[in-house]
1. Give the separation of the Cα centroids, region 189-224 to region 41-58, in Å.
2. Report the percentage of all Cα-Cα pairs in region 4-69 whose separation exceeds 13 Å, rounded to a whole percent.
3. Taking the Cβ of residue 176 as the centre, find all other residues whose Cβ is under 15 Å away and add up their charges (Lys, Arg: +1; Asp, Glu: -1).
4. I want the local charge near residue 236. Using Cβ-Cβ distances under 10 Å, sum +1 for each Lys or Arg and -1 for each Asp or Glu among the other residues.
5. Among 267, 297, 219, whose mean-square fluctuation peaks in a Gaussian network model of the chain (Cα, cutoff 10 Å)?
6. Just 48, 23, 209 to compare: in a GNM of the chain, with alpha carbon springs under 10 Å, which one fluctuates most?
7. Longest span of the chain, sites excluded, free of GluC sites (Glu not before Pro) in DSSP loop with at most 13 other C-beta atoms within 10 Å?
8. Among DSSP beta bridges whose residues both lie in the chain, state the antiparallel percentage, nearest 5.
Amino acid sequence: MEKQFFKVTGKEDGKRVDLYLTKVMAPISRKKIKGLIDQGRLLINNRKVVIASWALEQGDRVELLAEGAEDLSQNQPQFLKVIYEDADLLVVEKDAGVPCEKSPVAWRPSMVAMVNQYLKRTHPHLVAHYVGLVHRLDADTSGLLIYTKTKQANKITEQFKEQTVVRDYLALVEGRVEAERGVLQDYLAQAELPGGKKVKLVEKGKGKKAITRFKVLERYSRATLLEVSIKTGRTHQIRVQLAAMRHPILGDRLYGNDSELSKNFKRQALHATRLAFRHPVSHQKVEVVSPLPRDLRRWVERLREGKVPRTR
């Protein structure tokens, strides 16, 4: 099949993308459409989507890539925002939508690829360089990531295991959180769940303990800005626990709700804002901060004014 794209009309607003494509691409079956989505061939507004139940909005550009189509962007120069760098460590800021590692469903170049490209460009005298991925962020989460440049620096992983690394996030969540602060302690387990969900809450002894602390920074009429700190680093930890307390992250297509407010967010409103740790080689304290990115700042400003954020 050739590449095809469609514009979503007002009549199709809110419709599942697999059902929409089954209609506009008839007589191609829904099963075939689902297979193309699973292969990572669906783009919505030039962003790869692998969720068949993704709710469309009026004006969305929906595109299917032909089989065998190559992602030429993988070889294009990429800008890397470096927050801290020395001989052993590199701390960078990841944009929302960028995967940490290459995968069959990743459309944009991974952070690892971008870091490698950066080091080749800034250290042309080196025949080879070392890049160690210390921790990860969900593709749709923005914020700070640590990479090691020497094997000696890999000792920083011990601090993650000992839960001594300070990891703070900023999150815009659905509804007004009444408690000024709180601690969420749950047990999480990974599983194949409907709609692409990967993690669920389980009873003690059936999963891994997850500890998340939160503090209210600002309240709006229909949302709350939280500072969130995690002791443990479980998959989708913040997203699952906040959703369980009925305040899901706005824009979270997996664990959030389908409210009109949340649908206005083109990505989940979660940002890794602060990291603090002991340098694995010099043993000096290192603290790095990343403020809210431009898109989240705009959304906060509109919420302060009592308006619904517009991301188009």
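1. 24 Å
2. Of all Cα-Cα distances in region 4-69, 58 percent exceed 13 Å.
3. So the environment of residue 176 carries a net charge of +2.
4. +3
5. Among 267, 297, 219, the largest mean-square fluctuation in the Gaussian network model of the chain belongs to 297.
6. Fluctuation is largest for 23.
7. Counting at most 13 other Cβ atoms within 10 Å as exposed, the longest clean stretch of the chain is 204-304.
8. Percentage antiparallel, nearest 5: 95.
Each value in this text was obtained by applying a stated rule to the coordinates, not by laboratory testing. This structure is a prediction, so every number in the text was calculated from the model and none was measured. Because the Cβ atoms are built from the backbone with ideal geometry, glycine has one as well, and the counts that use them run over all protein chains shown.
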